[in-house]
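Take a look at the structure below.
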Amino acid sequence: MAISFESALGIHQKALEVRVQRAEVLANNLANADTPGFKARDIDFKAVLGGVQAGQQGEQLAMATTNGKHLPHGGNSGVSGSGPDELLYRVPSQPSVDGNTVDTQEEVAEFTKNTMQYQASFQFLNGKFKSLNNAIRGE
Amino acid sequence: MSLTNIFDIAGTGMAAQSLRLNTTASNIANADSASSSEGDVYRARKPIFSAIQQDVMSQALGGQAGELSASQGVQVQGIVESDAPLDMRFQPDHPMANEQGYVMYPNVNVVEEMADMLSASRSFQTNVSIMDSAKTMMQRLLTLGQ
């Protein structure tokens, strides 16, 4: 029985990837906390990872590119469907006069939560590698 | 690797906030710099922030479809001088008084500047802690498989 990394690691490597992307988006929100007119953005983690899972099971309907000039659609790339359309805008709880929708407390809370979930994903991934190591050693 | 992007983003945030602190310091230091003519008097300086957007077209044609097109940090567009009315005080015995006996003082609102200073230093702290978290995440990642 052949072991491929793709099937051995499962969803965890993709989850880790999406967590890093989400950290980036949240860090960007916080850097722009004082930029007038900036709209806070976020990733719908469930939707993105759901797209990955569906893609892994071969159920996703990918758009065909029949011409070299067609713009690529996110469907076949690493994190499935994570084009610009996956990047959503946050609904502001306290809109400010200058049009900025970044709520620093909320963003910091989300970032911290995301970091913890990243560490959880990391633990799972590390566990997978440990079991692979054990399997190789045969102890 | 997008974890390194977080360092860049937090770095732009820290640079912008420290520039904001710099203008605040300059404004407060010059809050009482008197002048005899309207042209010479110091005016409150304010930085203008804007988000750095990625070039959407080059991304679409470059084929990096998996990347998110969020903006990449913050930049300072420029520093503008406030056009709030100047503070004219009637001080005929002041050495810098003009013919009518008025002295021009800057349009710096010290209370506003203090609030700005607090906001800037808090935002700076937030960016530092973001960078710290990114560093921890990266260090954890380097121990993968050990």
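The values are calculated or read from the model by the stated rules, or taken from the named source; none is laboratory data. In this text the structure is predicted, and so the values were computed from the model without any measurement. Because the Cβ atoms are built from the backbone with ideal geometry, glycine has one as well, and the counts that use them run over all protein chains shown. SASA here: full protein model, heavy atoms, side chains in, ligands and nucleic acids out. Shrake-Rupley method; radii C 1.70, N 1.55, O 1.52, S 1.80 Å.
Observations
Yes/no per residue for (1) out of contact with any Gly (no Cβ under 9 Å at 6 or more places or on another chain); (2) open to solvent by less than 30 Å² (accessible area, probe 1.4 Å); (3) not assigned by TED's automatic domain parsing to the domain that holds residue B:40:
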{"position": "B:74", "(1), (2), (3)": "no, yes, yes"}
{"position": "B:88", "(1), (2), (3)": "yes, no, no"}
{"position": "B:94", "(1), (2), (3)": "no, no, no"}
{"position": "B:101", "(1), (2), (3)": "yes, yes, no"}
{"position": "B:113", "(1), (2), (3)": "yes, yes, yes"}
{"position": "B:123", "(1), (2), (3)": "no, yes, yes"}
{"position": "B:131", "(1), (2), (3)": "no, no, yes"}
{"position": "B:136", "(1), (2), (3)": "yes, no, yes"}
{"position": "B:139", "(1), (2), (3)": "yes, no, yes"}
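- Matching residues in the range B:28-45 - criterion: being small (Gly, Ala, Ser) and in a helix (DSSP H, G or I): B:29
- Test for residue A:105: is it under 21 Å from residue B:126 (Cα atoms), modelled with pLDDT of 90 or more, within 12 Å of chain B (Cβ to nearest Cβ) and open to solvent by less than 80 Å² (accessible area, probe 1.4 Å): no
- Only strands (runs of 3 or more DSSP E) whose full extent lies in the range B:69-146 are considered here, and the ones with at least 1 residues that are more than 10 Å from chain A (Cβ to nearest Cβ) and in contact with a Lys or Arg (Cβ under 8 Å, 6 or more places away or on another chain) are B:74-81, B:102-105.
- Residues (under 18 Å from residue B:130 (Cβ atoms), open to solvent by 30 Å² or more (accessible area, probe 1.4 Å) and facing another protein chain (nearest Cβ under 10 Å)) located in the range A:117-132: A:119
Conditions tested, residue by residue: (1) at negative phi; (2) in a loop (DSSP other than H, G, I, E, B); (3) away from every other protein chain (no Cβ under 11 Å); (4) modelled with pLDDT of 65 or more.
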residue: A:33; (1), (2), (3), (4): yes, yes, no, yes
residue: A:42; (1), (2), (3), (4): yes, no, no, yes
residue: A:47; (1), (2), (3), (4): yes, no, yes, yes
residue: A:50; (1), (2), (3), (4): yes, no, yes, yes
residue: A:59; (1), (2), (3), (4): yes, yes, yes, no
residue: A:72; (1), (2), (3), (4): yes, yes, no, no
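- Residues of the range A:100-133 that turn out to be under 27 Å from residue B:74 (Cβ atoms), among the polar types (S, T, N, Q) and without any contact (Cβ under 8 Å) to a residue 24 or more places away in the chain, as a count: 2
- Reported count of residues in the range A:89-139, each being among the charged types (D, E, K, R), assigned to a helix (DSSP H, G or I) and farther than 21 Å from residue A:42 by Cα, is 3.
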